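S.K.: Let me begin by handing over the structure; questions about it come next.
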Amino acid sequence: AAAAAAVAVAVVLPEGFIGPMSARVRSLFIKHTKTGNPLVDSVAEHQATPPMLYWHYFHFTLFVMPLGLGTAFFGKSDAKLFLIVYTIVGFYFSAKMVRLLLLISPATSVCAAACLDSLIAFNIEALTADDQPPVEGEEEEAEQPRAISPPPQQPPQP
């Protein structure tokens with residue numbers, strides 16, 4: 001499959017169907033790439049995201065999101081794998097450009113909800129557990145210890 005993709009790129013690239021990456025795309029991967037246009041380079045939306053904005057937009061969910069992401073690693077499924085990949089990729093790109101901060105909003109909400117779901121399920125299970133001590137006045141029949149019988153003896157061999 002990789003060889004077929006390499007051949008396809010080698011055939012299509014010289015024909016001009018695939019052009020070079022734009023300066024905006026390169027700036028997502030290379031830190032100091034500028035477009036050459038001072039007006040575009042100075043726009044605040046194209047700057048790196050300050051950490052303060054994460055708190056400003058996500059508030060409480062910013063703290064429980066990593067715990068919810070951790071719960072996605074248990075009980076593997078396609079949906080959980082998508083959530084893990086989407087969250088990691090979304091955080092990478094949202095850190096590169098302020099306008100991409102919106103990419104991480106759905107993943108943050110779902111991860112925070114997964115954390116709260118796990119906490120609520122744990123507490124409900126703890127509250128409904130059957131290992132409560134018996135109420136005074138109600139005695140349970142104690143199990144009688146079973147007598148241990150000795151192993152059968154074999155007759156002596158002549």
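S.K.: When the Debye formula is applied to the Cα atoms of segment 57-135, each taken as the same point scatterer, what base-10 log of I(q)/I(0) results at q = 0.18, 0.19 Å⁻¹?
M.R.: With no solvent term, the Cα-only Debye profile gives -0.74, -0.80.
S.K.: Something else about it: Work out how much length residue 4 to residue 119 would gain on full extension: take 0.36 nm times their residue separation and subtract the Cα-Cα distance, in nm to one decimal.
M.R.: Gain on stretching residue 4 to residue 119: 36.6 nm.
Here, each number is a calculation from the coordinates, and none is a lab measurement. On a predicted model such as this, the values are computed, not experimentally measured, just so you know.
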